[in-house]
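Trainee: Sharing a structure with you now.
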Amino acid sequence: MPANATHSSSMPPGVIVLLLSLLLGLQPVTTDLYLPALPVLTAQLSAPMAQAQLTLTALLLAFGSSQLVWGPLSDKYGRRPILLTGMAAYVLASIASSLAPSMAWLIVWRTVQGAAMGAGVMCARAIVRDLYSPTQGARVMSKGLSGLGVIACLSAPTGGLLTEALNWRFALLALGVFAAITLAVVALRFEETVQHKNPQALQIVTLAATWRMILRNPTFRAFSALTVASYSGLFTFLASSSFVFTGVLGLSKTQYGLVMFVNSLAYIGGTFICRHWLPRFGVRRAVGMAGGLSLTGGTLMAILTLSGWISVWTIMLPQLIFMVGHGIHQPCGQSGAVGPFPNAAGAASAVNGFLMMVSAFAVGAWLGGHMDGTVLPLTLGVWFWSALIALSAWTLVQNHG
């Protein structure tokens, strides 16, 4: 039985971490591997940039919204049937995306893909709460997010190579291959982690009461504010980086993939620092120190670019500092938001994920109308979110974490 576990599981710890890595890794695979192909497919499908951004923002809105359904479903029926259904749907949507004849159809299938992805990521966060106490859960989550970081490291270079060597359709098909592997691991190795299913989880009255209880909880609000601000800062970078680095700064798709690789390495470093800091400093102090990293990175990026020093490194060096902080905020924030709700972990995970994706959707929609051929929408956007991260880390989390 793992230390501080809430109930026993016969799954080996290594299998649990592998499952978490694959399920959480769906998110960077779905976005990062696709990003190097985005400018090419936009041109080949003769679509405007605003429509191209919809392939990301519509996916993320579906991802966030679907979790509000997947969460209660998993509390009622268990995590396993939801994971099997979601991963099968993801594979089918990936195949359909790779065959899309127009941008409109690509947006449709990416939306389905986002809804299916919600099942995997939501269940991953809920599984951690099923098996571990909040403090131990943050450390286990950081291991799963380290795996996510490794997957993210490989995603962008793989997407760039597939797009250059073959075409963008093969990059989208690669998403289905990853999901098929994840589906196989879930089917063969995952054992149900919900000890006591909630047969009333889907009743409207029960569901409304559960959501109200979650949203009123100050610990949930504190950690959700942190995860929302941190993810929004990352998404600002993700949604604009392919156009900035390839269009404005002139990198090739392969070079851009390497930039994203380095970005992911910094995130992995942050998750390792998180595991080192948690037993030494505790969650609140670790988050507070990481808030300083976030604000330092965002502020430095803005100052350099506003001063006219614009290059790959004047953006990436501050971004790497920001990503180390992100690697600390996300495991602490995601585990902390779900921690107060051992009997409604699916619903709490769903609401937290929904809030992150609504904010990401708003960021993507804003970027779609404000990308002006300069680096400023990216750099000033990251700066804005870094300030909100620090504010959340230094106030809300310190008072209610």
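Trainee: Only four residue types carry charge here, +1 at the Cβ of Lys and Arg and -1 at the Cβ of Asp and Glu. Report the dipole size of region 66-181 about the Cα centre in Debye, rounded to the nearest 20. It would help to have the intermediate numbers written out before the result.
Mentor: Details: 9 positive and 3 negative charges, 60 e Å.
Using Cβ point charges on Lys, Arg, Asp and Glu, region 66-181 gives about 280 debye.
Trainee: How big is the charge dipole of region 141-224 about its Cα centre, in debye rounded to the nearest 20, if each Lys and Arg gets +1 on its Cβ and each Asp and Glu gets -1 on its Cβ?
Mentor: Values: 7 positive and 3 negative charges, 76 e Å.
Dipole of region 141-224, to the nearest 20 debye: 360 debye.
Trainee: Do you know the relative contact order of region 218-362, to the nearest whole percent, from alpha carbon pairs under 8 angstrom that are 6+ apart? Walk me through the numbers before you get to the answer.
Mentor: Details: 146 pairs, mean separation 59.8, N = 145.
The normalised contact order for region 218-362 reaches 41 percent.
Trainee: Using the Cα centre as the reference, give the magnitude of the dipole from point charges on the C-beta atoms of the chain (Lys, Arg: +1; Asp, Glu: -1; all else neutral), rounded to the nearest 20 debye.
Mentor: Details: 19 positive and 7 negative charges, 166 e Å.
Dipole magnitude for the chain comes out near 800 debye.
Trainee: Could I ask something else about it? Give the residues of region 187-230 whose amide nitrogen is closer than 13 Å to a point set 7 Å from the Cα of N399 in the direction of its Cβ.
Mentor: Zone members listed by number: 218-219, 221-223.
Trainee: Using modelled backbone amide H atoms (1.01 Å from N, in-plane), which distant-in-sequence or interchain residues come within less than 5 Å of Y132's amide H?
Mentor: T6
Trainee: With contacts defined as alpha carbon pairs under 8 Å and 6 or more residues apart, what's the relative contact order of the chain in percent? Write down the numbers at each step before the final one.
Mentor: Values: 755 pairs, mean separation 113.2, N = 401.
Relative contact order comes out at 28 percent.
Trainee: Okay, next question. Of the candidates Y77, Y90, Y34, which one comes out as most mobile in a Gaussian network treatment of the chain with C-alpha springs shorter than 10 Å?
Mentor: Residue with maximal mean-square fluctuation among Y77, Y90, Y34: Y77.
Since every read-out is calculated from the coordinates, none of them should be taken as a lab result. Remember, predicted model here, so these are calculated numbers, not experimental data. FYI the Cβ positions are ideal-geometry reconstructions off the backbone, even for glycines, and counts take in every protein chain you see.
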